[in-house]
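*Asks:* This structure is in structure tokens; I'll ask about it shortly.
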Amino acid sequence: MTIKPRLEFHQLPSAGLFRRLAALVYDAFLLFAISLGYGAILLVIKMIAFGAEGLEDVQPNDFLQWLAFFGWITCLMGYYFICWRKQGQTLGMKAWRLRLQQPDGNLATQQQCLKRCPLAFLSLTAAGLGYFYCLLPAQKSCAHDIFTHTKVVVLEKE
């Protein structure tokens with residue numbers, strides 16, 4: 001029996017669209033839980049500020065609604081930022097054996113992760129065009145991979 005040598009992180013193959021989207025579906029469940037937790041925190045703050053009686057009649061002004069919205073987006077992006085910076089993987093990426101890295105195999109930098117969060121969101125919301133970009137014959141990366149100089153690779157089975 002021959003032992004296959006382990007590939008270095010920079011030699012691993014790029015992830016395809018199916019694996020990326022499957023990992024995104026896994027992460028969506030966790031993002032939903034994070035959203036529920038964030039909503040619960042906002043509800044507790046509202047109860048402390050206005051009391052429990054007649055709480056449904058209290059409506060925040062436009063500024064507070066925008067502040068809450070940006071706080072929610074920050075929480076969701078924070079999940080990705082922390083996971084990518086810590087080990088290059090979110091929970092969904094672990095399940096599908098994916099890893100975010102630089103082309104040389106190192107973890108993505110803080111700046112790359114900060115850029116990647118909104119760009120990946122835009123890639124998805126623009127009818128998925130940024131993700132479908134990796135289906136082009138000459139490409140193996142999504143649009144947000146190219147703009148942030150990062151790469152999502154498929155890890156070997158352990």
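*Asks:* Kindly provide the set of residues from the range 133-158 that are surrounded by 15 or more Cβ atoms within 10 Å (Cβ to Cβ) and farther than 23 Å from K86 by Cβ, ordered by number.
*Replies:* If the condition is that a residue be surrounded by 15 or more Cβ atoms within 10 Å (Cβ to Cβ) and farther than 23 Å from K86 by Cβ, then Y133, C134, K140, A143, I146 are the ones that fit.
*Asks:* Hey, another quick one. Does L43 satisfy the criteria of being assigned to a helix (DSSP H, G or I) and modelled with pLDDT under 95?
*Replies:* Criteria met by L43.
*Asks:* Identify all residues within the range 103-132 that are touching a strand residue (DSSP E or B) at 6+ places or on another chain (Cβ under 9 Å) and either crowded, with 20+ Cβ neighbours inside 10 Å or closer than 19 Å to A23 by Cβ (or both); write none if there are none.
*Replies:* To start, the set of residues in the range 103-132 that are touching a strand residue (DSSP E or B) at 6+ places or on another chain (Cβ under 9 Å) comprises 103, 105, 107-108, 112-113, 116.
Those that are touching a strand residue (DSSP E or B) at 6+ places or on another chain (Cβ under 9 Å) and either crowded, with 20+ Cβ neighbours inside 10 Å or closer than 19 Å to A23 by Cβ (or both): L107, A108, Q112, C113, R116.
*Asks:* If D104 passes every condition in (1) over 14 Å from K151 (Cα atoms); (2) of a type outside the set (S, T, N, Q); (3) outside any helix (DSSP H, G or I) but one, which one does it miss?
*Replies:* (1)
*Asks:* Which of the residues spanning the range 1-23 are at pLDDT 90 or above, in a helix (DSSP H, G or I) and surrounded by 14 or more Cβ atoms within 10 Å (Cβ to Cβ)?
*Replies:* L17, R19, R20, L21, A22, A23
*Asks:* For the range 61-84, enumerate the residues that are more than 30 Å from R99 (Cβ to Cβ) and without any contact (Cβ under 8 Å) to a residue 12 or more places away in the chain.
*Replies:* Matches in the range 61-84: N61, D62, F63, L64, Q65, W66, L67, F69.
*Asks:* Name the residues in the range 69-94 that are aromatic (F, W, Y) and either under 20 Å from L21 (Cα atoms) or at pLDDT below 95 (or both), would you?
*Replies:* Selection gives Y79, Y80, F81, W84.
*Asks:* Which residue pairs have Cβ atoms closer than 7 Å, lie 6 or more positions apart in sequence or on different chains, and pair a first residue in the range 35-60 that is of a type in the set (G, A, S) with a second residue that is surrounded by 10 or more Cβ atoms within 10 Å (Cβ to Cβ) and in a helix (DSSP H, G or I)?
*Replies:* Within 7 Å, the pairs are S35/W72.
*Asks:* Can you name every residue in the range 51-89 that is in a helix (DSSP H, G or I) and not hydrophobic (A, V, I, L, M, F, W, C)?
*Replies:* E56, D57, D62, Q65, G71, T74, G78, Y79, Y80, R85, K86
*Asks:* Name the one entry in G130, G92 that is in a helix (DSSP H, G or I) and touching an Asp or Glu at 6+ places or on another chain (Cβ under 6 Å).
*Replies:* Being in a helix (DSSP H, G or I) and touching an Asp or Glu at 6+ places or on another chain (Cβ under 6 Å) holds for just one of G130, G92, which is G92.
*Asks:* Of all residues in the range 43-85, which are more than 17 Å from the chain's Cα centre (by Cα) and surrounded by 15 or more Cβ atoms within 10 Å (Cβ to Cβ)?
*Replies:* K46, A68
The values are calculated or read from the model by the stated rules, or taken from the named source; none is laboratory data. Predicted model only: the values in this text are computed from it and were never measured. Here the Cβ is made from the backbone with ideal geometry for all residues, glycine too, and neighbour counts use every protein chain on show.
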